[in-house]
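Structure record follows, encoded as structure tokens.
The values are calculated or read from the model by the stated rules, or taken from the named source; none is laboratory data. Small disclaimer: the values here were computed from a predicted structure and weren't measured. Don't worry about glycine lacking a Cβ; one is built from the backbone with ideal geometry, like all the others, and counts go over all protein chains shown.
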Amino acid sequence: MLPSWVAEAAPARSAPRRRSAGFIQRTLHQTARFAEHTVFAERVARPARPGLLHTLDARIKLLSILGLIVAATFLHHVPSLWVLAAFIAAAAAVSRIPARALFHRFWWSVPLVFVIAALPAALNLVTPGDSLLTIYRLDEAVRLGRLQLPPELTITRQGLASAALVTTRLFVGVLFAVTLTLTTRWDDLLKAAYCRASAPFVLILTMAYRYLFVLLRTVEDMHLAKRARTILPGTPSAERRWIGRRVGALFSRSRHLTERVYSAMLARGYRGEPKALTAFHLEGTEAAWVLACAAVASLALLADRLLLAKLPW
Amino acid sequence: MVAPLLQAEAVTYHYPDGRAGIVEASVSVAEGESLVILGANASGKTTLLQLLAGLIFPARGTVRAFDIVLSEQSLQDGDFARTFRQRVGFLFQDTDAMLFSATVYDDIAFGPLQLDLTPDEVRRRVEETLSLLGLSAIAQQPPHQLSGGEKKKVALAALLAVSPGALLLDEPTSGLDPRSQRWFVELAGELRAMGKTLVTATHDLHVADEIADRVIVLGEDHRIAAEGPPERLLRDLDLLLSVNLVHQHAHIHDGRVHVHPHSHLHAHDHQ
């Protein structure tokens, strides 16, 4: 027999006031967004109509892009770096990768790195040279506690060129890496790195990626279950306690899941030696791609050494 | 006399926290038969299956496979372990635990790879299994993008790709819609016709009725309550009521309260 209070209706309330999302909600929202982005990236990496970069063998693609990144580190002029950037951007365009997907992930990081890491290199303190912009000039030495300010702080032409080079190199490197991940699924990328020595790490990373989604869904379910039963918002300390308990519960669940996964592996004959089905195919497209990469990298290196080095800047 | 394929003799298992998993259970599985282990939630069905699969080991009693005692020591022997895992497959109820690879294709390939087959042979098996279960369209999908029914089918495909002679199936129809349940019953029929041994743990009386040659009923005290042919046990309402597989159902007919055990397998007369 159900108690009588089960039949009592909840009192009607006025319209809810707008509240800003709490820390937990924001975190979970970001977690859900991460999962969405990852699923989107997987879809882009294996589209219904694959382009040039999608169809290339993952191992060839990984090695060729690593080669291009190494070539970029040997370039000392911004225009030669742009040659490499233009090549990979053209390959991405031919492969029908949306420009938004390509640049969306890192467009904000380039100015940030420029300001935080590269800009100090433009100052006369780090790179002396011809002054372009004077930030301040003091007639006499000024001390701020133990710190002695330099009499003059300027941005130099040589320093600015050095900052531009560092930033462009970073941009090109990230562009290569993003192109690789947008055209290669995570599991293919891991298989590309598979060899006898790396096999245990590849297995662990593959499974970690797989179960990240299971745990993300658990976190989301926990939060939704709490929201569905929350009548009054909790105090910050109560929220922190809730998070602490859920972290503990999640840890316990993940430990049990680990045991079940290991049992499932044993049941299917796993005897401690990871094995994977890898296919390494070098066909005409792969050969043409490798040749194109080598030609572009050689062209950029030659231009950097022979032509650009002779320019006055 | 031919030794049973799998045999548990008076096995008892307790979980690390002291709860009983199964108590004094003796089970024998003959080659080619379809045995159904029926029981309510937490009665010990999964524990008994895991003992038969050599995934956990009893505190008391012995489990034998092909007349060899199944223990941690015997499964350390690489040759025996490989033969045993090749001949006895296990379908987990929790498909998320069973599908641990990055894609459906890799998951199905995992078992055959452990058998040291050549890559071409592994690919051939995977592709044939995908085609057999109608999974080719989702072969390159990661498991987290699959529905519950698809995950169950992929888990079964992963099991079939190893081609075990005996399949231990833990709640194979849980979470499946009626059409997928029917699909499973038909698949079980085909496997039986091929001479495969099936040991299915379930609380679904319909599934038991359709696929069982023999039924073992577990009680809520984690002991075997009854064993026999499905025609007899599945119609023994007092037994099913006592082990919580059917419930008392009350309703009103012609102004009088009418109480009877309720199960969709049984017709009853209101006169």
Taking the conditions exactly as written (at negative phi and in contact (Cβ under 8 Å) with a residue 40 or more places away in the chain), does A:L190 satisfy them or not?
no
Residue under evaluation B:D17, criteria (1) in contact (Cβ under 8 Å) with a residue 40 or more places away in the chain; (2) not in a strand (DSSP E or B), criterion not met:
(1)
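Does B:S74 qualify as being touching an Asp or Glu at 6+ places or on another chain (Cβ under 8 Å) and farther than 29 Å from B:A193 by Cβ? Working first, answer last.
Details: touching an Asp or Glu at 6+ places or on another chain (Cβ under 8 Å): no; farther than 29 Å from B:A193 by Cβ: yes.
Judged against the criteria, B:S74 is not a match.
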Is the range B:123-134 home to any residue that is in contact (Cβ under 8 Å) with a residue 24 or more places away in the chain, surrounded by fewer than 18 Cβ atoms within 10 Å (Cβ to Cβ) and within 11 Å of chain A (Cβ to nearest Cβ)?
no
Pairs, first touching a residue at least 40 places away in the same chain (Cβ under 8 Å) in the range A:281-309, second part of a helix (DSSP H, G or I) and among the aromatic types (F, W, Y), C-beta under 7 Å, six or more apart:
A:V296/A:F87
Residue pairs meeting the criteria (Cβ under 9 Å; at least 6 apart or on separate chains; first exposed (fewer than 12 other Cβ atoms within 10 Å of the Cβ), in the range B:68-84; second modelled with pLDDT under 90)
B:G78/A:R271
Apart from one, (1) crowded, with 18+ Cβ neighbours inside 10 Å; (2) of a type outside the set (S, T, N, Q); (3) out of contact with any strand residue (DSSP E or B) (no Cβ under 8 Å at 6 or more places or on another chain) all hold for A:D139; the odd one out is (1)
When you scan the range B:151-164, do you find a residue that is touching a strand residue (DSSP E or B) at 6+ places or on another chain (Cβ under 7 Å) and over 27 Å from B:D120 (Cα atoms), even just one?
no
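Quick grid of which residues meet (1) modelled with pLDDT of 85 or more; (2) of a type in the set (K, R):
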site: A:E152; (1), (2): no, no
site: A:I155; (1), (2): yes, no
site: A:T167; (1), (2): yes, no
site: A:V172; (1), (2): yes, no
site: A:V178; (1), (2): yes, no
site: A:Y194; (1), (2): no, no
site: A:T206; (1), (2): yes, no
site: A:Y211; (1), (2): yes, no
site: A:R217; (1), (2): no, yes
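Identify, from the list A:S95, A:S80, the residue that is more than 30 Å from A:E283 (Cβ to Cβ), surrounded by 14 or more Cβ atoms within 10 Å (Cβ to Cβ) and modelled with pLDDT of 85 or more.
Details: A:S95 fails: more than 30 Å from A:E283 (Cβ to Cβ).
Within the list A:S95, A:S80, the selection yields A:S80.
Using the structure shown, decide if A:G284 is buried (at least 17 other Cβ atoms within 10 Å of the Cβ) and either away from chain B (no Cβ under 12 Å) or more than 23 Å from A:L212 (Cβ to Cβ) (or both).
Values: buried (at least 17 other Cβ atoms within 10 Å of the Cβ): no; either away from chain B (no Cβ under 12 Å) or more than 23 Å from A:L212 (Cβ to Cβ) (or both): yes.
Answer is no for this residue.
Check B:G219, B:G175 and return the single one that is farther than 27 Å from B:T83 by Cβ and in contact with a Gly (Cβ under 6 Å, 6 or more places away or on another chain). Break it down into steps so the answer makes sense when it comes.
Working: B:G219 fails: in contact with a Gly (Cβ under 6 Å, 6 or more places away or on another chain).
Testing whether each residue is farther than 27 Å from B:T83 by Cβ and in contact with a Gly (Cβ under 6 Å, 6 or more places away or on another chain) leaves just B:G175.
Kindly provide the set of residues from the range A:149-171 that are closer than 30 Å to A:V70 by Cα, touching a Ser or Thr at 6+ places or on another chain (Cβ under 6 Å) and outside any helix (DSSP H, G or I), ordered by number. Steps first, please.
Start the filter on the range A:149-171 by keeping residues that are closer than 30 Å to A:V70 by Cα, which leaves A:155-171.
Next, from what is left, pick out any that are touching a Ser or Thr at 6+ places or on another chain (Cβ under 6 Å): A:156, A:158-159, A:162.
If the condition is that a residue be closer than 30 Å to A:V70 by Cα, touching a Ser or Thr at 6+ places or on another chain (Cβ under 6 Å) and outside any helix (DSSP H, G or I), then A:T156 is the only one that fits.
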Please return the ranges of helices (runs of 4 or more DSSP H) entirely within the range A:172-273 where 2 or more residues are more than 14 Å from chain B (Cβ to nearest Cβ) and more than 25 Å from A:H104 (Cβ to Cβ).
A:199-229, A:236-267
Extreme residue, farthest from B:A193 (Cα to Cα), among residues of the range B:1-27 that are buried (at least 17 other Cβ atoms within 10 Å of the Cβ) and among the polar types (S, T, N, Q):
B:T12
Failed item, numbered, when B:P119 is tested on (1) surrounded by fewer than 22 Cβ atoms within 10 Å (Cβ to Cβ); (2) more than 7 Å from chain A (Cβ to nearest Cβ); (3) at pLDDT 90 or above:
(2)
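Provide a single number: the residues in the range B:157-179 that are among the polar types (S, T, N, Q) and on the phi > 0 side of the Ramachandran plot. Outline the logic, then answer.
Step one: list which residues in the range B:157-179 are among the polar types (S, T, N, Q), which gives B:163, B:173-174.
Within this subset, residues satisfying the condition of being on the phi > 0 side of the Ramachandran plot are B:163.
Qualifying residue count for the region: 1.
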Is there any pair linking a residue in the range A:142-155 that is of a type in the set (K, R) to one that is part of a strand (DSSP E or B), with Cβ under 8 Å and at least six apart or on different chains, and which?
A:R143/A:L149
Within the range B:28-53, can you find the residues that are outside any strand (DSSP E or B), small (G, A, S) and crowded, with 23+ Cβ neighbours inside 10 Å?
B:S43, B:G44, B:A53
Considering only the range B:65-114, state which residues are within 15 Å of B:L5 (Cα to Cα), more than 9 Å from chain A (Cβ to nearest Cβ) and among the small types (G, A, S).
B:A65
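Look through the range B:121-156, keep the residues that are outside any helix (DSSP H, G or I) and either of a type in the set (A, V, I, L, M) or on the phi < 0 side of the Ramachandran plot (or both), and return whichever of them is nearest to the chain's Cα centre (by Cα).
As a first pass, look at the range B:121-156 and keep what is outside any helix (DSSP H, G or I): B:133-135, B:139-142, B:146-147.
From what's left, either of a type in the set (A, V, I, L, M) or on the phi < 0 side of the Ramachandran plot (or both): B:133, B:135, B:139-142, B:146-147.
Numbers: B:L133: 19, B:L135: 22, B:A139: 25, B:Q140: 27, B:Q141: 26, B:P142: 25, B:L146: 22, B:S147: 21 Å.
Within the range B:121-156, the match that is nearest to the chain's Cα centre (by Cα) is B:L133.
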